[in-house]
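The values are calculated or read from the model by the stated rules, or taken from the named source; none is laboratory data. Values in this document were obtained by computation on a predicted structure and should not be read as measured data. All Cβ positions, glycine included, derive from the backbone under ideal geometry; neighbour counts span all protein chains shown. Only protein heavy atoms, including side chains, enter the accessible area calculation; ligands, DNA and RNA are left aside. Shrake-Rupley method; radii C 1.70, N 1.55, O 1.52, S 1.80 Å.
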Number of protein chains: 2
Amino acid sequence: MTKPSARAAGPSLRAVPEGDDRERLICPDCGFIHYDNPKIVVGSVALWQDRILLCRRAINPRVGFWTLPAGYMELNETTIDGAKREAWEEARARIEIDALLAVYNIPRLSQVQIFYRARLLSDAISAGPESREVGLFAWEDIPWDDLAFPSVRWALRHHREVGAAREFAPRANPPGDDGSRL
Amino acid sequence: MTKPSARAAGPSLRAVPEGDDRERLICPDCGFIHYDNPKIVVGSVALWQDRILLCRRAINPRVGFWTLPAGYMELNETTIDGAKREAWEEARARIEIDALLAVYNIPRLSQVQIFYRARLLSDAISAGPESREVGLFAWEDIPWDDLAFPSVRWALRHHREVGAAREFAPRANPPGDDGSRL
């Protein structure tokens, strides 16, 4: 293995590869073309009886704020398996997926966020490495002013809105809101 | 710019980066960590009156077979904008998105495929650079034996199944089918 040189920056040169129609980042050292793509975030609104699982973030961005269990999907998993994995990693929670709740777009961040309606299989939860604490919140106790991201607020409201409906169209971003503002 | 050396292979070394919990591909030349993620395919089942837009592929994989207008989502676009762009690129078709039809998972390929129900704004269509020909097909004329991918078949059947319903749960993979078989 060649030791990376001090000035090596990885893919950092903008150019249009042959046969392509837009600029990609190319590494000036090794020639690797970095086809960067939008990323998928998978998560859940998971209930134990009437209470919703929230996690207080132990990491940036938005450390100290409350979020739904959600995170980047990994290779070779499904969206449902990803949502279950995130509930486990962030809150040591075992969940059962019930329905597709929402598909949100955050184009500024090149993110697609997929949220499921889910049930906790038990109320045995505890903070995983990325959470400072976890809790089960009744609707009236949700810390609205301390939520980490706009899509957390959207998903909570949309979950309330669909209620127990079995057939419903998954929600998308609120009209005109691209998720850029907190 | 340093000329890429003949042996440079880009990120090709498997190792767990510091603070991470799984192997990533790292470039032995420049040290770049390639965080590879699942990719999002966006597409549509787009109708003109009762006929469905299909495109015959001019490129691999599955050159010569018929597909729905669909492709990889690009950075900084939304899933809906991506589906519209693909209809334009592959069939010079202008479409209007109507409803979220399906979210399919192909974990072997680390793909999430998002299909919308859509309407063509006119029947002026023509083959884009990635299509050999394009056509509008009545249900009974769909070339079932010459479809490019399993998810094309799924989306066509699911489109038929939901009909004109306004509120419906988007479809997922047929039970037990991970999309690995053609």
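Worth a mention:
- Unmet criterion (only one of (1) more than 7 Å from chain A (Cβ to nearest Cβ); (2) open to solvent by less than 20 Å² (accessible area, probe 1.4 Å); (3) closer than 30 Å to A:ASP29 by Cβ) for B:GLU23: (2)
- Against the numbered list (1) touching a helix residue (DSSP H, G or I) at 6+ places or on another chain (Cβ under 8 Å); (2) more than 10 Å from chain B (Cβ to nearest Cβ), A:GLU161 comes up short only at (1).
- Verdict on B:GLU18 being open to solvent by 60 Å² or more (accessible area, probe 1.4 Å), of a type outside the set (Lys, Arg) and assigned to a strand (DSSP E or B): no
- Exactly one residue out of B:ARG171, B:ARG153, B:ARG181 is modelled with pLDDT of 95 or more, more than 22 Å from B:ALA58 (Cβ to Cβ) and out of contact with any Cys (no Cβ under 9 Å at 6 or more places or on another chain): that is B:ARG171.
- Close pairs (8 angstrom Cβ cut-off, 6 or more residues apart or separate chains): free of Cβ contacts under 8 Å to residues at least 12 places away in the same chain in the stretch A:168-179, charged (D, E, K, R) anywhere: A:ALA169/B:ARG166; A:ALA169/B:GLU167
- For B:GLU96, the conditions (1) surrounded by fewer than 16 Cβ atoms within 10 Å (Cβ to Cβ); (2) touching a residue at least 40 places away in the same chain (Cβ under 8 Å); (3) of a type in the set (Asp, Glu) all hold with the exception of (2).
- Some residue of the stretch A:78-91 being touching a residue at least 60 places away in the same chain (Cβ under 8 Å), of a type outside the set (Gly, Ala, Ser) and farther than 16 Å from B:ILE40 by Cβ: no
- Taking each residue of the stretch B:53-70 that is under 9 Å from B:GLU90 (Cα atoms) and looking for partners that are of a type in the set (D, E, K, R) and surrounded by 24 or more Cβ atoms within 10 Å (Cβ to Cβ) with beta-carbon atoms closer than 6 Å, six or more apart or interchain, yields B:CYS55/B:GLU90; B:PRO69/B:GLU86; B:PRO69/B:GLU90; B:ALA70/B:GLU86.
- Within the stretch B:106-125, the set of residues being aliphatic (A, V, I, L, M), closer than 22 Å to B:LEU53 by Cα and either open to solvent by 70 Å² or more (accessible area, probe 1.4 Å) or free of Cβ contacts under 8 Å to residues at least 12 places away in the same chain (or both) comprises B:LEU121 only.
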